[in-house]
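Report on one structure; see the data block that follows.
The values are calculated or read from the model by the stated rules, or taken from the named source; none is laboratory data. Because the structure is a prediction, the values reported are computed rather than measured. Cβ sites come from the backbone with ideal geometry, for glycine too, and all protein chains shown count toward neighbours. Areas reflect the complete protein model, heavy atoms only, side chains present, ligands, DNA and RNA absent. Shrake-Rupley method; radii C 1.70, N 1.55, O 1.52, S 1.80 Å.
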Amino acid sequence: MTGRFELDRRLPDGYFTDALHTDVLKGLTGRPKSLPPKWFYDARGSELFEEITRLPEYYPTRAEHSILGERCDEIASATGARTLVELGSGSSRKTRLLLDALLRHGTLEAYAALDVSADALREAGGRLRPEYPELKITGCVTDLESDLGLPSDAPGPRLVAFLGGTLGNLDGDARPAFYAALRSELRPGDALLLGADLVKDPAVLVPAYDDAQGVTAEFDKNVLRVLNRELGAGFDPDAFEHVAVWNADEERIEMRLRSLRRQAVEVPALELTAEFEAGEEILTEIAVKFRRAPLTAELARGGFGLRHWWTDEEERFALLLAEPVPGR
């Protein structure tokens with residue numbers, strides 16, 4: 001088998017433009033105002049997020065990497081996966097641990113990366129292709145909220161990895177829909193590898209989303225630059241400040257952009273004027289944190305049975321191996 005990288009776009013032409021228009025119109029006219037976090041991730045946003053994962057305050061990447069380092073061979077043995085599918089793959093940096101373990105186990109034939117960012121997929125594919133010439137490596141530009149895009153023709157069993165705590169970006173209504181969509185595409189023998197950030201002291205949580213260097217603030221404000229470029233909007237990023245708040249009732253971090261003054265922002269592509277009071281906020285991201293029992297029960301309702309639960313030494317982050325329950 002010769003190594004190659006194929007980039008596929010499963011979504012129809014104009015999908016992201018239409019989705020952006022719909023999301024921004026709904027979000028900026030809502031109360032409170034909000035914007036979905038997927039619009040952070042243009043080329044610059046992807047670069048900023050990779051920088052965030054290397055910051056001293058941002059523990060999730062290091063914690064998850066440590067678990068994968070310890071458990072990757074166990075995961076390979078338990079799943080015997082011939083195809084590794086990664087949802088929201090980004091740079092695929094942690095993926096190498098799984099790829100190497102599955103190759104050592106002698107089962108892996110293909111790797112499929114799915115992400116909203118074509119730039120991130122191209123960069124990851126360009127790096128992985130020469131390192132793993134024996135694998136078929138594909139990338140798929142897709143919106144995980146509307147089309148998971150699992151490769152149905154890939155050899156099974158398939159291991160679907162949803163890492164980085166990205167599950168926490170989905171609220172309590174969106175997670176059951178995600179489980180249902182994923183469960184409907186899985187076959188007997190397939191497995192789910194899920195990364196979940198755990199509830200902990202807000203003194204640890206909040207700095208992970210509001211670092212001292214201000215990288216997360218730039219990442220948060222990047223959504224305004226995306227709107228300026230794509231919609232001709234007139235946002236001044238310096239007229240907003242980044243805020244990270246621990247919502248104890250919902251057990252989640254909320255990232256917000258707070259208007260520093262009363263202002264009106266024109267969004268010509270939507271024929272919209274978004275008005276802000278001083279101190280008014282746009283909710284740009286949620287990051288739900290989990291506890292073992294409720295998450296296990298949530299997965300069970302979604303048709304998944306928990307096989308393994310691993311944490312790092314400080315029990316900051318969990319890695320779960322689950323399987324679809326027959327008949328669900």
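Looking at Leu306, is it surrounded by fewer than 20 Cβ atoms within 10 Å (Cβ to Cβ), under 30 Å from Pro157 (Cα atoms) and of a type in the set (A, V, I, L, M)? Give the derivation first.
Details: surrounded by fewer than 20 Cβ atoms within 10 Å (Cβ to Cβ): yes; under 30 Å from Pro157 (Cα atoms): yes; of a type in the set (A, V, I, L, M): yes.
The answer is yes for Leu306.
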**Asked** Looking at Glu275, Glu230, which one is touching a helix residue (DSSP H, G or I) at 6+ places or on another chain (Cβ under 9 Å), open to solvent by 40 Å² or more (accessible area, probe 1.4 Å) and modelled with pLDDT of 95 or more?
**Response** Glu230
**Asked** When region 234-267 is examined, which residues are found to be touching a residue at least 60 places away in the same chain (Cβ under 8 Å) and small (Gly, Ala, Ser)?
**Response** none
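Hey, any hits in region 141-158 for a residue that's open to solvent by 20 Å² or more (accessible area, probe 1.4 Å), among the β-branched types (Val, Ile, Thr) and under 26 Å from Leu35 (Cα atoms)?
So in region 141-158, the residues open to solvent by 20 Å² or more (accessible area, probe 1.4 Å) come out as 144-147, 151-153, 155-157.
Remaining after also requiring among the β-branched types (Val, Ile, Thr): none.
No: zero hits.
Which of the residues that make up region 62-87 are open to solvent by 10 Å² or more (accessible area, probe 1.4 Å) and more than 20 Å from the chain's Cα centre (by Cα)?
Let us first name the residues in region 62-87 that are open to solvent by 10 Å² or more (accessible area, probe 1.4 Å), namely 62, 65-66, 69-71, 73-74, 77-80, 82, 86.
Across region 62-87, the qualifying residues are Gly69, Glu70, Arg71, Asp73, Glu74, Ser77, Ala78, Thr79, Gly80, Arg82.
Conditions tested, residue by residue: (1) outside any helix (DSSP H, G or I); (2) open to solvent by 50 Å² or more (accessible area, probe 1.4 Å); (3) of a type outside the set (A, V, I, L, M); (4) touching a strand residue (DSSP E or B) at 6+ places or on another chain (Cβ under 8 Å).
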| position | (1), (2), (3), (4) |
| --- | --- |
| Val206 | no, no, no, yes |
| Ala212 | yes, yes, no, no |
| Ala217 | no, no, no, yes |
| Val223 | no, no, no, yes |
| Phe235 | yes, no, yes, yes |
| Trp246 | yes, yes, yes, yes |
| Met255 | yes, no, no, yes |
| Val265 | yes, no, no, yes |
**Request:** Provide a single number: the residues in region 7-27 that are in contact with a helix residue (DSSP H, G or I) (Cβ under 8 Å, 6 or more places away or on another chain) and either in contact (Cβ under 8 Å) with a residue 60 or more places away in the chain or among the aromatic types (Phe, Trp, Tyr) (or both).
**Result:** 7
